[in-house]
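For reference, the structure discussed in these notes is given below.
Quick note: the coordinates plus some simple rules give every number you see, no bench work behind them. Quantities reported herein were computed from a predicted structural model and do not represent experimental measurements. Neighbour counts are summed over all protein chains in view; Cβ atoms, including those assigned to glycine, are modelled from backbone coordinates with ideal geometry.
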Amino acid sequence: MSSTLQALREFVALTTELVGRPQEEAPLLAALKPALARLVSHDDWLPESLAQPDPQHYRQYLLHADALQRFSVVSFVWGPGQATPIHDHTVWGLIGMLRGEELSQPYAPDATGRLRPQGQAAHLRPGDVEAVSPRLGDIHRVRNAFSDRTSISIHVYGANIGAVQRWVYAEDGSRKPFVSGYSNDWVPNLWHRPTP
Ligand code: FE2
C-alpha cells in the first residue's frame with residue numbers, strides 16, 4: 001500500500017468502529033467530523049486516477065464501501081464550473097474539502113411546496129467539513145467555486161450512497177428519483193501491506 005493511503009485506511013477503520021457502536025446520529029457525526037477534517041487536512045493521499053475530472057459531468061469515485069453498507073467514502077471531483085442539480089441524500093453525510101473550494105446552497109420547501117434557498121451558501125475551503133442529513137437539512141445544490149480549475153471533496157455517507165434511491169428536485173418542488181452509482185471500476189487497495 002502506498003504509505004499515503006494509510007490516512008484513508010485509518011479513517012475507514014475508525015468509521016467502521018464508530019458505526020458499529022449503537023449511537024444516535026448527532027454523537028456519531030460529532031466523532032466523525034474531526035476525523036474527516038484530519039483526513040482532508042493533507043492533500044497527499046488520493047490516487048491520481050480517482051481525482052480525474054470529466055469534461056462534462058462531476059464525478060463520484062468510490063474509495064471504500066462498508067461490507068454491511070453502513071457507510072461509504074467517495075471522492076467527489078468537480079471540473080471547472082460544474083454543479084449538481086438540487087438533490088437530497090436520505091442518509092447522513094459529511095463533506096470534507098480536500099482540494100479547491102465548493103459552494104453548497106441549502107434549500108427547503110415553502111408553504112406552497114416550492115423550494116427556496118435557505119440562507120447563504122456554505123463556502124468550503126480545504127480542511128472544512130459540512131454535514132447533511134434528513135435531520136439537519138438534506139436538500140442542497142453544490143458547485144465548484146472555481147470556473148478555471150478542478151475541486152475535490154471527500155464525502156462519507158451513512159449508506160452505500162451510490163446505490164441509494166434518492167431525489168433530484170426542480171425549483172417548483174417536483175422531484176424525480178435517481179441512483180447516482182459510481183464513476184470508477186476499481187477501488188484503492190488498502191490492504192496489501194502491513195500497517196506501518
Ligand atoms: Fe449532496
(message) Filter region 110-151 down to the residues that are in contact with a Ser or Thr (Cβ under 6 Å, 6 or more places away or on another chain), among the aliphatic types (A, V, I, L, M) and closer than 25 Å to VAL179 by Cβ and list them by number.
(response) VAL142
(message) Any residue at all in region 80-89 that's farther than 27 Å from ASN189 by Cβ, more than 16 Å from the ligand (Cβ to nearest atom), in contact with a Phe, Trp or Tyr (Cβ under 7 Å, 6 or more places away or on another chain) and not in a helix (DSSP H, G or I)?
(response) yes
(message) Regarding region 32-39, can at least one residue be identified that is closer than 16 Å to VAL156 by Cα and touching a Lys or Arg at 6+ places or on another chain (Cβ under 9 Å)?
(response) no
(request) Just need a number here: residues in region 18-57 that are assigned to a loop (DSSP other than H, G, I, E, B) and surrounded by 17 or more Cβ atoms within 10 Å (Cβ to Cβ). (result) 5
(request) Being of a type in the set (Lys, Arg) and either more than 19 Å from ARG125 (Cβ to Cβ) or touching a residue at least 60 places away in the same chain (Cβ under 8 Å) (or both) is the filter here, so list the residues in region 21-43 that pass it. (result) ARG21, LYS33
(message) I'd like to verify a number: residues in region 172-188 that are surrounded by 10 or more Cβ atoms within 10 Å (Cβ to Cβ), farther than 19 Å from ALA159 by Cβ and within 20 Å of the chain's Cα centre (by Cα), how many?
(response) 2
(request) Please determine, by comparing only the residues of region 107-120 that are in contact with an Asp or Glu (Cβ under 9 Å, 6 or more places away or on another chain) and free of Cβ contacts under 8 Å to residues at least 60 places away in the same chain, which one is nearest to the ligand (Cβ to nearest atom). (result) LEU115
(request) Keeping to region 171-185, report how many residues are free of Cβ contacts under 8 Å to residues at least 40 places away in the same chain, part of a loop (DSSP other than H, G, I, E, B) and farther than 29 Å from ALA51 by Cβ. (result) 1
